[in-house]
């Protein structure tokens, strides 16, 4: 019997999809057996299905139609874990065909085994869905989630802990006699995902932070919970919606307390008494916002390459940025890293491609690593955490198509 031990946290440069085809894949296969019971019946109706990786196995995470309370697990992710999220939907109410997005989300403290299992199982799930046309695959790294992924959750919440750490039960969100601090803000849902509950509304995003090296940045709302009191700090740049949605959630946090809870306190930056909150969390002042816009973004809006060979290294041919260049017998990399809103690397696979198509995401990550190595010698930084998306011919998404507009 194999025993899973706690490993060094995942490093994107040498793990997850980069390990497909390696000894890790063999271990996953050995644990999975001949078939994956988690795939039974999935993808046959609209909705969202979530699994968490636990010792090479997939364990179902609650459905969005379960009762929603502050401590429910739908939309809750632990930063020490890896997850697979399947979204099955129709383009319109009148459409007959079901479409699929498969996201595998990697917490920043996830282990190699967990992240690699999520990556491999994503490919396996896509194989299972092939009779229905397969899925668009997304690699989502914590802190760099795509809008399409976030739109699945009315409240997206990332907290510390995970299966391997032992802190993985929903009750760990609000433990007694513990200090926790969160940053919260809202986004507008971009998709009409009636199966997810998002429904084009304002969605709340919550990240639990570490007290070590903590900074309070402009933008959003900070919530400090010492189990006896809940303190709310509204930065000047926080919106009215931020404050409203956070207020709703903070009230629900209080409702979960049975004994020993003594109430709430709200502080607005720049008003009398606001420094009390900063002292409570050990911070001297508020710092400027760290934008999601990548300062290292450079080059043209997007660059298109035809993938000629994949071993021993990628052999790429730069071609003009035009949809007419995409041929059914080819595989292409669309580098939209300079996208100021959401940097991404796409791997487009023609319907006539069979060799190396199954692990196309691997080629996207390899491309990122090679780009990082090349440009680091010039003093430029490339993040390996940006989204990598595999799209098959006929599955093109609006963001993918929009990348071609700049060339027109």
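Here, each number is a calculation from the coordinates, and none is a lab measurement. Here the structure is a predicted model, which means the values were calculated and not measured. Cβ coordinates were reconstructed from backbone atoms using ideal geometry, including for glycine residues, and neighbour counts include every protein chain displayed.
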Quiz item: What per residue convex hull volume, in Å³, comes out for the range 210-287 when only alpha-carbon positions are used?
Solution: 91
Practice problem: Using a Förster distance of 22 angstrom, determine the FRET efficiency expected from the C-beta separation of residue 229 and residue 284, and round it to 0.05. | Solution: 0.55
Quiz item: Hey, quick one: spin label on residue 274, modelled 7 Å out along Cα-Cβ, who in the range 202-224 has an amide N within reach, i.e. under 20 Å?
Solution: 214-224
Exercise. Report the label-to-label distance for residue 378 and residue 147 in nanometres (one decimal), using points 7 Å from each Cα along the Cα→Cβ vector.
Key: 2.8
Quiz item: If you project the alpha carbons of the range 314-408 onto their three principal axes, what span does each projection cover, largest first, in Å?
Solution: 39, 31, 21
Quiz item: When the chain is fully extended, how far beyond the present Cα-Cα distance does residue 248 get from residue 92, taking 0.36 nm per residue of separation?
Solution: 53.0 nm
Quiz item: Using r as the Cβ-Cβ distance of residue 240 and residue 340, and R0 as 35 Å, what FRET efficiency do you calculate, to the nearest 0.05?
Solution: 0.90
Exercise. Starting from the Cα-Cα distance between residue 385 and residue 313, subtract it from 0.36 nm times their residue separation and give me the gain in nm to one decimal.
Key: 23.8 nm
Exercise. Sort 390, 323 so that the residue with the fewest other Cβ atoms within 10 Å of its own Cβ comes first and the one with the most comes last.
Key: 323, 390
Self-check item: Amide N proximity, the range 382-405 versus residue 320 label position 7 Å along Cα-to-Cβ, cut-off under 19 Å
Solution: 401-405
Practice problem: Using DSSP, restrict attention to beta bridges with both residues in the range 206-360 and report what percent are antiparallel, rounded to the nearest 5. | Solution: 75
Exercise. Apply 1/(1 + (r/R0)^6) to the Cβ-Cβ distance of residue 55 and residue 35, taking R0 = 22 Å, and write down the FRET efficiency to the nearest 0.05.
Key: 0.75
Practice problem: Please work out the Cα center distance from the range 272-290 to the range 73-95, rounded to the nearest Å. | Solution: 35
